[in-house]
Each structure stands twice: as C-alpha cells, then as structure tokens.
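**Q** Take this structure first; my questions come after.
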Amino acid sequence: MSFSKDDIIAALKTVFDPEIPVNVWDMGLIYEINIGQTEVVIKMTFTSPTCPMMEQLMAQVKDAAQGVVGDVPVRVELVWDPPWDLSKMSDAARIELDLMNEGW
C-alpha cells in the first residue's frame, strides 16, 4: 500500500462540520483508523446523536479517505462508546473555539 495513517489523517483534516469551524480530526470525532489487508475502517462519533449532519459528514469522511487509499474499500463505522466530550478535542480546536479555559 502506498499510503499511511498520516495520509488518511491529513485528508480527514479537510472535513469540517458546517456548524463548527474545526475539522473532524481536531474535534476528536475520529476514534480509530484501522488499515487492514482488504479495507480501511474508520470509527467515528459525533458530539450528539441528534446531529443533523451525521450522514453527510460520514460520507465526507469516507470520500476523503477514499481519495487517499484509492481502490482499497473504506468503511466508516459510527460508534457512541466512549461518549465524545471536550477532552477529545485537540489543543488547536480548543483554541479555535476559545475553550482553553474550560479546565481540560
């Protein structure tokens, strides 16, 4: 395979929730990236199970990763455990959203 996990992460950093000016990687919505022999599996979550953009963002994550991995199938799995919280955000995301003084 001519791609790495870092290549996939770079692609995922181009996917943004339209309501939040932070990409899905820095938001901490991507829990796992597993590169297998026959497919790439990305486990992701959302800040809320009622997110109206859930399907669209999952499709964008899949498309972004697919652009990196080429012919290798990409599967995006939605997970709710562990629940997302602010501690999963990167420092860059907390700075962007002015959350650095939240005790995280």
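Rule-based calculations on the coordinates, nothing more; no lab input. What you see is a predicted model, and the numbers here were worked out from it, not measured in a lab. FYI the Cβ positions are ideal-geometry reconstructions off the backbone, even for glycines, and counts take in every protein chain you see.
**Q** Quick check on the exposure proxy: order Met44, Met89, Met54, Met100 from fewest to most C-beta atoms within 10 angstrom.
**A** The order, fewest Cβ neighbours first, is Met100, Met54, Met89, Met44.
**Q** Let me ask another. Which residues make up the longest stretch of the chain that has no GluC sites (Glu not before Pro) in a DSSP loop with at most 11 other Cβ atoms within 10 Å?
**A** 20-101
**Q** Starting with the fewest neighbours, write out Ile42, Ile35 ranked by other beta-carbon atoms found within 10 Å of each beta-carbon.
**A** So the residues, fewest neighbours to most, are Ile35, Ile42.
**Q** Take Thr45, Thr14 and order them by how many other Cβ atoms sit within 10 Å, fewest up front.
**A** Thr14, Thr45
**Q** A further question on this structure: What nm value, rounded to one decimal, do you get for the distance between Lys5 and Val41 when each label is placed 7 Å out toward the C-beta?
**A** Reported label-point gap for Lys5 and Val41 is 1.5 nm.
**Q** So if I average 1/r over every pair of distinct C-alpha atoms in the chain and take the inverse, what Kirkwood radius in Å does that give?
**A** 14.1 Å
**Q** Straight distance only, please: which aspartates and glutamates reach the Cα of Lys5 with their own Cα at less than 14 Å, same-chain residues fewer than 8 apart left out?
**A** Those aspartates and glutamates meeting the cut-off are Glu32, Glu39.
**Q** Here's another thing I want to ask about it. Once you put a point 7 Å from the Cα of Glu55 and another 7 Å from the Cα of Lys13, both along the Cβ direction, what distance in nm separates them?
**A** According to this spin-label approximation, the distance is 3.1 nm.
**Q** Hey, if you put +1 on the Cβ of every Lys and Arg and -1 on every Asp and Glu Cβ in region 1-87, which of Ile9, Thr50, Val72 ends up farthest toward the positive end of that dipole?
**A** Val72
**Q** Hey, for a label at Asp85 modelled as a point 7 Å past Cα toward Cβ, could you say which residues of region 13-48 have their backbone N under 16 Å away?
**A** From region 13-48, the list is 28-29, 46-48.
**Q** In deg cm²/dmol, rounded to 500, what helix-only [θ] at 222 nm does the chain give when every DSSP H run of at least 4 residues adds -39500 (n - 2.57) and the total is split over its residues?
**A** Using -39500 (n - 2.57) per qualifying helix, the result is -8500 deg cm²/dmol.
**Q** Then there's this: Given Cβ point charges of +1 (Lys, Arg) and -1 (Asp, Glu) and nothing else, what value in debye, to the nearest 20, does the dipole of the chain about its Cα centre take?
**A** So the magnitude is around 200 debye.
**Q** How much of the DSSP beta bridge set in the chain is antiparallel, as a percent to the nearest 5?
**A** If we restrict to bridges inside the chain, about 55 percent are antiparallel.
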